[in-house]
Amino acid sequence: MAMKLPKDKFMSTVKVGEKGQIVIPKEVREMFDIEPGDLLMLLADRERGIAIVDNEGFLEVARSMVDFHSKAEEQEKL
């Protein structure tokens with residue numbers, strides 16, 4: 001059941017199926033231009049919850065990990 005929110009916001013309940021799958025509502029797929037076959041990243045933290053990140057978010061996380069690793073290597077050299 002979707003709630004009326006500002007144009008760039010969306011809130012809805014989703015039902016988990018027998019196989020643990022959920023359906024991303026059409027409005028959200030359109031909002032984020034999610035197409036069949038797209039890769040999404042699922043992030044989970046027991047305290048903070050679950051987030052699903054689109055490809056650009058995935059790339060940001062990957063860049064952050066590479067930057068963190070590079071900085072750690074630089075610190076080890078000092």
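Does Ser70 satisfy the criteria of being surrounded by 11 or more Cβ atoms within 10 Å (Cβ to Cβ), free of Cβ contacts under 8 Å to residues at least 40 places away in the same chain and either out of contact with any Cys (no Cβ under 8 Å at 6 or more places or on another chain) or hydroxyl-bearing (Ser, Thr, Tyr) (or both)?
No: the conditions fail for Ser70.
Can you tell me how many residues in the range 44-64 are under 17 Å from Val28 (Cβ atoms) and part of a helix (DSSP H, G or I)?
Within the range 44-64, residues that are under 17 Å from Val28 (Cβ atoms) and part of a helix (DSSP H, G or I) number 4.
Please count how many residues of the range 1-22 are of a type in the set (D, E, K, R) and modelled with pLDDT under 85. So that I can check it myself, show each step before the final result.
Of all residues in the range 1-22, those of a type in the set (D, E, K, R) come to 4, 7-9, 15, 18-19.
With the extra rule that they be modelled with pLDDT under 85, the set shrinks to 4, 7-8.
Of the residues in that region, 3 qualify.
Under the condition of being on the phi < 0 side of the Ramachandran plot and at pLDDT 85 or above, which residue from the range 44-63 is surrounded by the most Cβ atoms within 10 Å (Cβ to Cβ)?
Ile52
Find the residue count for the range 22-78, including only residues that are within 10 Å of the chain's Cα centre (by Cα) and aromatic (Phe, Trp, Tyr).
Summing the residues that are within 10 Å of the chain's Cα centre (by Cα) and aromatic (Phe, Trp, Tyr) in the range 22-78 gives 1.
Considering the range 16-43 alone, what residues qualify as being hydrophobic (A, V, I, L, M, F, W, C), surrounded by 13 or more Cβ atoms within 10 Å (Cβ to Cβ) and within 22 Å of Leu5 (Cα to Cα)?
Within the range 16-43, Ile24, Val28, Met31, Phe32, Ile34 meet the criteria.
The values are calculated or read from the model by the stated rules, or taken from the named source; none is laboratory data. Being a predicted model, the structure only gives us computed values, none of them experimental. Ideal geometry is used to build each Cβ from the backbone, glycine not excepted, and the neighbour counts take in all protein chains shown.
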